[in-house]
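**Student:** Quick one: this structure, given as structure tokens, is what I'll be asking you about.
The values are calculated or read from the model by the stated rules, or taken from the named source; none is laboratory data. Fair warning: this is a prediction, and the values are worked out from it, not measured in the lab. With ligands, DNA and RNA removed, areas are computed over all heavy atoms of the protein, side chains included. Shrake-Rupley method; radii C 1.70, N 1.55, O 1.52, S 1.80 Å.
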Amino acid sequence: MFEKPKLTDEVGLKGPNDTWTHASTMAIGRLGGGNTRSDDLMVTWTDGEVTPWPPNASS
């Protein structure tokens, strides 16, 4: 059985600010596993750090 795609709802993003000038790569997906989580956003920053967004998101 295939899982129904979850990326069907439009999501509004906050406008540009100084934070995002330091983001080098972003990835979205069900990175926490399981069927109960929503999609996650992972950000690689220009200093090499990789964090979930928002920063207090649990994995």
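**Student:** Could you put 26, 42 in order of accessible surface area, largest first, with the 1.4 Å probe and the full protein assembly present?
**Tutor:** Greatest to least solvent exposure: 26, 42.
**Student:** For residue 31, which sequence-distant residues (separation of 5 or more, or a different chain) have an amide H within less than 5 Å of its own amide H, given hydrogens modelled in the peptide plane?
**Tutor:** 40
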